[in-house]
Amino acid sequence: MSDINTQHYDENQIQVLEGLEAVRKRPGMYIGSTSIRGLHHLVYEIVDNSIDEALAGACDEITVTLHKDGSCSVQDNGRGIPTAIHHKMGIPTPEVIFTVLHAGGKFGGEGYAISGGLHGVGASVVNALSEWLYYEDCYNGEKFTGSFERGKVKDPFKKVEKTDAHGLYVRFMPDKTVFDETEFDYTTLLNRLREQAFLNAGIKIIFNDERYDEKVSNTLHYEGGIVSFVEHLNAIKHCEVINQNVIYIKGKRDEYTTAEVAIQYNDTYNETIMTFANNIHTVEGGMHEIGFKSALSKVLNDYAKKLNLLKGEEKLTGDDVREGICAVVSVKLKEAQFEGQTKTKLGNSDIRSFVDSLVTQKLNEFLEENPAVCRSILEKSLAASRAREAARRARDLTRRKGALEGSGLPGKLWDCQEKRIDVTELYLVEGNSAGGSAKDARKSRFQAILPLRGKVLNVEKSRLDKVYANPSLIPIIQALGCGIGSDFDITKLRYGKVIIMADADVDGAHIQILLLTFFYRYMPKLIDEGHIYLAQPPLYKVSKGKQTYYAFSDEERDNYIELLGGKGIEAERYKGLGEMDPAQLWETTMNPETRTLLRVSIEDAMQCDEIFSLLMGEKVEPRRDFIQKNAVFVTNLDI
Ligand code: 28F
C-alpha cells in the first residue's frame, strides 16, 4: 500500500469537493426531494449497489439495519470494492466510489444503463448528505475501513486485518440539516425491499429494525421471483384466483435485453399491472407496458374467434381482457430511457416490439397447452364485455329519462332552499325513521336530507351496470347532480358537504364503508376535495333531573356520571339515530355550532386501494379493527 494520506491533493480532489458541495446545495436535484421520500432514497441508493453486485452474480445476501442512533447500515456478501489506487483520481477506489459524482449516470439526465455496470453510483450522493458515513470493505482476503463527515474524508482508507469475509458494509447517518425529517419509516422501506426481492429472484434481503426495545426482523427471499410477486399481490387482496397457476413468460433478445412477465387473473373487476425497467418501478408505464397490453388483446381475441365465442364483428376491448388481471412486467435493458413527468416512463421503442412478440408467442403456446385456463380467462373477458355493453345501455337509458341529471331529483329527497354549495349540506341517513327525525331536526334553509333505502350495493363486487340499476345509489347520484365515473363533473355538485349519518353500531359502520367505497370508486374527486364527511352521533345520553350530557365514548359517559354524582342518574345508550328526538339529533349531531364532523380524506390512493380491499374483502377481523380505529380516511376534525 502506498502512502495515500498525503498524496495527490490536486485538481481532481478539488473537483470532488466541489461536486459534493453541489449535492449539498441542491439535494433535490439528486434525490428528488429532502422530504421523507428523499430520506428513503438514501437507503435505496446504497441497497441498489448491493443489488448490482448480486446481478453480477457475486452476492446473494443483503442485510439492512435501522440502528438506535438513527443511522442505517447495509451489508452485502459480494466481492467488495477493489482497493487499488484509482488510475485517474490517484486515490483508493473505495474513496472514489464515495466521493466522486458519476457524470452521465442516474442524474446526468440521460437515463442510465442496465444494472451491473454501474457499481457505486449514488454512494457519493448518500455520503454528501450524511452527517457521517463509515464503510468496511472486505476485498480479496483483506479488510479495509474508512469514514467521512458530510462527504469529506475523516478516517482515510486503511487496511485493518486479514479476513475470510468478503463484501461491503456501509453505515450512514442522514444529515439533519439537510432533511425535513430523519426518521426512517419501516413499512415504506420494507415494501420497497420486498419489491426488490421479488424482482431479483433468489436474493435474500434481511431487514432489521433495532430502534425500539422490541426488535423487528424480516427476511425477504423469493425463489419464485415475479411469480411470487403476483401471488403476493393477489393474496393481500383476498381474491379468489381464476387461473390457479401464475402464467410465467421469460425471454432474452440479446445479451443485455431480457423481459419477464407473470400473470394471474382474480375474481375482482380491477386491473393491477405493475411494470419495471432495470428494477425501477415505471409508474407511468411506457413501451414495455404497451407491448404487453397489445399482445394480450391480440392473443385473447384470436382465441375467442377461433373458439367461436365472438359473433360477427364483435371484439374484446383492452379493458375487457384486463378486467381482474394481476400482472408484473419486468424488463432489463441497456441504456434505458426514462421519460415522463416523474421520469418513470420507459421510452425505448424497440422494447415494445420485443415484449409484444415475446408475449404473443409464449402466451399462445401456454393457452394452447392449457385449454381449461384459456376458457376461464375468455369467459371472464366475455362477461366483462357483456357487462360493459349493459352498462352503456343502462346509462343511455337513465340519461334519456334524465334520471341522473340534476333536473330529476329523487322522490325521497327533502331538499334545502339554498343553492350555494359553500353552505349547502346533504345528509345521507340510514333508514326511514332516522330520516324522519333528521327531516324534523334540520334547518331546511341549507340542510337537505336523503334517507337511504335498502342495502347499499357493494361496488367492489359489482360492475357499472349494477350501479346504474341500484335503488340505493341512484337517488344519491341524482341528488348530488354531478354524475359518476367518466361523466363526473364537479361543477354540477349541489352540496358542499355530503354527510354520511349512520348508527354508531356495526351495521352503521358497514353502511359507512359501503358508501365510502362507492364514492372512492365512482366519485374519488369528492373525497380528494374534502366534500365527504361522517356525522358523529353520541353513544350515550347521561342525565339527572334537568341536566343532560351527551357522551361520545364509554370514558366520557363515566366522567359525566361522576360529575353528576349521587342517585337518580340515567345513562341511556342510543341504539339508533331514530331513538333521538329531533331536538336531540339537532343538538348533538346536526347543529354546525355544536356537532363534530369527521372529514374523510385519502392520504394515498395506492394505500387506499389496499385498504378498500381489506375492508370489503372476506376477512372480518381486520375490517372490524379498522372501523373501530377509523384511522385512515378520517383525519381532519371539523367542528
Ligand atoms: C452496501 C453497498 O456498494 N457493494 C459493492 C461492489 C463490487 C465491485 C465494485 C462495488 C470497480 C472499478 C468501480 C468488485 N470486483 N454495497 C455495495 N460491491 N463496486 S459496490 O466495483 C466498483 C468498480 O470502478 C466489484 C470486481 N468488479 C466490481
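Things to note:
- Any chance Lys250 is out of contact with any strand residue (DSSP E or B) (no Cβ under 6 Å at 6 or more places or on another chain) and more than 21 Å from Arg37 (Cβ to Cβ): no
- Just one residue in the set Thr65, Thr34 is surrounded by fewer than 22 Cβ atoms within 10 Å (Cβ to Cβ), in a loop (DSSP other than H, G, I, E, B) and more than 10 Å from the ligand (Cβ to nearest atom); that residue is Thr34.
- Strands (runs of 3 or more DSSP E) (entirely within region 502-582) containing at least 3 residues that are touching a residue at least 60 places away in the same chain (Cβ under 8 Å) and surrounded by 14 or more Cβ atoms within 10 Å (Cβ to Cβ): 532-535
- Met274 being at pLDDT 95 or above and within 19 Å of Arg192 (Cβ to Cβ): yes
- Residue match in region 346-353 (condition: assigned to a strand (DSSP E or B), among the aliphatic types (A, V, I, L, M) and more than 20 Å from Ile247 (Cβ to Cβ)): yes
- For region 49-62, a tally of residues being within 9 Å of the ligand (Cβ to nearest atom) and within 29 Å of Asp213 (Cα to Cα) returns 2.
- In region 238-252, the residues that are surrounded by 20 or more Cβ atoms within 10 Å (Cβ to Cβ) and either over 22 Å from Asn364 (Cα atoms) or under 22 Å from the mean Cα position of the chain (by Cα) (or both): Cys239
- Out of Lys143, Lys176, sole residue that is within 31 Å of the chain's Cα centre (by Cα), modelled with pLDDT of 95 or more and more than 14 Å from the ligand (Cβ to nearest atom): Lys176
- Conditions (1) in contact with a Ser or Thr (Cβ under 7 Å, 6 or more places away or on another chain); (2) assigned to a loop (DSSP other than H, G, I, E, B); number of the one not met by Lys419: (1)
- Meets criteria (more than 10 Å from the ligand (Cβ to nearest atom), modelled with pLDDT under 90, more than 25 Å from Gln337 (Cα to Cα) and part of a helix (DSSP H, G or I)) for Glu18: yes
- Condition check for Thr182: part of a loop (DSSP other than H, G, I, E, B) and either away from the ligand (no atom under 14 Å from the Cβ) or in contact (Cβ under 8 Å) with a residue 60 or more places away in the chain (or both): yes
- Looking only at region 389-415, and only at residues there that are touching a Leu at 6+ places or on another chain (Cβ under 8 Å) and in a loop (DSSP other than H, G, I, E, B), the one that is modelled with the lowest pLDDT: Pro410
- Of residues in region 185-209 being within 16 Å of the ligand (Cβ to nearest atom), of a type outside the set (A, V, I, L, M) and assigned to a helix (DSSP H, G or I), the one modelled with the highest pLDDT: Gln196
- Top-ranked residue in region 88-127 [being at pLDDT below 50 and farther than 15 Å from Glu335 by Cβ; ranked as surrounded by the most Cβ atoms within 10 Å (Cβ to Cβ)]: Phe107
- The lone criterion from (1) at pLDDT 90 or above; (2) among the polar types (S, T, N, Q); (3) surrounded by fewer than 20 Cβ atoms within 10 Å (Cβ to Cβ) left unmet by Asn77 is number (3).
- Residue ID - farthest from the chain's Cα centre (by Cα), chosen from residues in region 148-169 that are within 16 Å of the ligand (Cβ to nearest atom) and surrounded by fewer than 18 Cβ atoms within 10 Å (Cβ to Cβ): Thr163
The values are calculated or read from the model by the stated rules, or taken from the named source; none is laboratory data. Just so it is clear, the structure is predicted and the values come from calculations on it, not from any experiment. Please note: Cβ atoms are built from the backbone with ideal geometry, for glycine as well, and neighbour counts cover all protein chains shown.
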